[in-house]
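*Asks:* This is the structure I have questions about; it appears just below.
Values in this text are rule-based calculations from the coordinates and carry no lab data. None of the values given here were measured: they were computed from a predicted structure. Neighbour counts run over all protein chains shown; Cβ positions are idealised from the backbone, glycine included.
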Ligand code: ATP
């Protein structure tokens, strides 16, 4: 295991930010920690890096217990959201910095820094200052600076948070390719579910200092264990016990995804409250016997394009598409 976290709790005064966490991350995994603001993701990342000490529990990296070791005694490196580049140093000197503090000779330093810059497609920008770069380029310098020291584990704390959507999507693909090329473990913190689904081999969903569920993107989307996960990863129609019995004749809390709600010739009559055109799909907010339901239909479906607000449509939801949720979760 690249990372083993056992029974880790972190308290700040009386407040428990991380609550008895257990987590194993394999070597070479792209692992994301996803959750709402304040759920404890960054605190876990900082404990892995060594910037924060657990109140209880142990952390091992590559089989070695590092719980109380200083950050520089751990085989990890961190990329922060604000990049933290040195403004007075040019790009290559920024990238070389970690090698210099490790006492690596100048020629070797230059060579390795140039190789790292090539990996992030910035070899032509070596002499520029950070202020002469775009946000995406600065982000890549921060990445080059982190990978140049060849850590076994790279920690990334919302590294794409400051970028606009288009650049963010481009950098996501580049990050994934880089991780594959390097073959090292990436631990990625984000509150953006699309980003986590795009990048990750596995994702841990955080809520109130605990992990609600760990799984692949497919597992989390198709088989969420709780209502919290169902609502946090994608959009969900959640039915409580009474609604489930009334609509499906099934007990318990159940969930169905909007793309599994069919509109057309058969089913129960519902009123269209709202139509939202999203480009590739059209989203309908429907009222079915007093229950609000979201349906999402391909925009290339010609009949769906004719449905108007206020009209009545037939809604068909197959009970086989229902996913049972752990009803005690909020
Ligand atoms: P975000 O997405 O907003 O970064 P997060 O999930 O990463 O959120 P953390 O930064 O881990 O959340 O914070 C978890 C909780 O611990 C928050 O309620 C935060 O206020 C609290 N916290 C974090 N650091 C400290 C600290 N040094 N002192 C006191 N409380 C802290």
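*Asks:* When you have a sec, figure out the Kirkwood radius of the stretch 200-284 from all distinct Cα pair distances and drop it here in Å to one decimal? Write down the numbers at each step before the final one.
*Replies:* Details: mean 1/r = 0.0671 Å⁻¹.
The Cα-based Kirkwood calculation yields 14.9 Å.
*Asks:* Over all distinct Cα pairs, what is the inverse of the mean 1/r for the stretch 46-110, reported as the Kirkwood hydrodynamic radius in Å? Don't skip to the answer; put the middle values down first.
*Replies:* Working: mean 1/r = 0.0719 Å⁻¹.
The answer is 13.9 Å.
*Asks:* So for the chain, averaging the separation of alpha carbon pairs under 8 Å that are six or more residues apart and normalising by length, what relative contact order in percent results? Don't skip to the end; give the middle numbers.
*Replies:* Values: 668 pairs, mean separation 54.3, N = 330.
Reported relative contact order: 16 percent.
*Asks:* If one computes P(r) from the Cα atoms of the stretch 13-79, what percent of pairs lie at distances over 16 Å?
*Replies:* Numbers: 1076 of 2211 pairs.
Of the Cα pairs, 49 percent sit more than 16 Å apart.
*Asks:* Still on this structure, please answer the following. Using a ≥ b ≥ c from the Cα gyration tensor of the stretch 81-124 (square roots of the eigenvalues), is it rounded, prolate or oblate, where a/c under 1.5 gives rounded and otherwise the larger of a/b and b/c decides, a/b for prolate? Walk me through the numbers before you get to the answer.
*Replies:* Numbers: a/c = 1.91, a/b = 1.16, b/c = 1.65.
Since a/c reaches 1.5 but b/c is at least a/b, the shape of the stretch 81-124 is classed as oblate.
*Asks:* Which whole-number percent is the relative contact order of the stretch 1-138 (Cα, under 8 Å, 6+ apart)?
*Replies:* Computed over the stretch 1-138, the figure is 20 percent.
*Asks:* Another question, then. Taking the highest mean first, how do the peptides 54-63, 41-50 order by number of other beta carbon atoms within 10 angstrom per residue?
*Replies:* On the way: 54-63: 16.6, 41-50: 22.1.
My ranking of the peptides, most packed first, is 41-50, 54-63.
*Asks:* Treating the angle as unsigned and between 0 and 90°, give the value, to the nearest 10°, between the Cα long axis of helix 135-147 and the longest Cα principal axis of the chain.
*Replies:* 60
*Asks:* Among 293-300, 129-136, how do they line up from the highest to the lowest mean number of other beta-carbon atoms within 10 Å?
*Replies:* Numbers: 293-300: 17.8, 129-136: 14.4.
Ranking the peptides 293-300, 129-136 by packing returns 293-300, 129-136.
*Asks:* Once both axes come from the Cα atoms, what is the angle between helix 165-182 and the longest principal axis of the chain, in degrees from 0 to 90, rounded to 10?
*Replies:* Helix 165-182 and the main axis of the chain meet at about 60 degrees.
*Asks:* Turning to a different aspect of this structure: Hey, how many Å between the Cα centroid of the stretch 120-164 and the Cα centroid of the stretch 258-330?
*Replies:* Between the Cα centres of the stretch 120-164 and the stretch 258-330 lies a distance of 43 Å.
*Asks:* To continue, here is another question. Along its three principal axes, how long is the stretch 1-157 when you only count alpha carbons? Whole Å, largest extent first please.
*Replies:* 48, 31, 27
*Asks:* Follow-up. How are the Cα pair distances of the chain distributed, in percent, across 10 Å bins from 0?
*Replies:* For the chain, the pair-distance distribution reads 5, 22, 26, 21, 15, 9, 3, 0.
*Asks:* Once the cut-off is 20 Å, how many percent of the Cα-Cα pairs in the stretch 67-152 end up in the long-distance tail?
*Replies:* Values: 1056 of 3655 pairs.
Percentage above 20 Å: 29.
*Asks:* Out of all DSSP beta bridges with both ends in the chain, state the antiparallel percent to the nearest 5. Numbers along the way, then the final one.
*Replies:* Working: 47 of 66 bridges.
Here the share of antiparallel DSSP bridges comes out near 70 percent.
*Asks:* Using a Gaussian network for the chain with springs between C-alpha atoms less than 10 Å apart, which of these wobbles most: 319, 71, 224?
*Replies:* Maximum fluctuation in the GNM of the chain, among the listed residues, is at 319.
*Asks:* Reported to two decimal places, what Rg/Rh ratio describes the stretch 239-330 when computed on Cα atoms with Rh from the Kirkwood expression? Kindly include the intermediate steps, with their values, before the conclusion.
*Replies:* Numbers: Rg = 13.4 Å, Rh = 13.6 Å.
A ratio of 0.98.
*Asks:* To the nearest 10 degrees, how steep is helix 91-101 against the longest Cα principal axis of the chain, on a 0 to 90 scale?
*Replies:* 70
*Asks:* Quick one: P(r) of the stretch 118-260 from all Cα-Cα pairs, 10 Å bins, percents rounded to integers, in order of increasing distance.
*Replies:* The percentages, shortest bin first, are 10, 33, 28, 15, 10, 4, 1.
*Asks:* Starting from the coordinates of the alpha-carbon atoms of the stretch 154-195, obtain the Kirkwood hydrodynamic radius over all distinct pairs and give the value in Å to one decimal. Show your work: numbers first, answer last.
*Replies:* Details: mean 1/r = 0.0928 Å⁻¹.
Every distinct Cα pair counted, the radius reaches 10.8 Å.
*Asks:* Counting only C-alpha contacts under 8 Å and six or more residues apart, can you give the relative contact order of the stretch 92-233 as a whole percent?
*Replies:* Working: 148 pairs, mean separation 23.8, N = 142.
Computed value for the stretch 92-233: 17 percent relative contact order.
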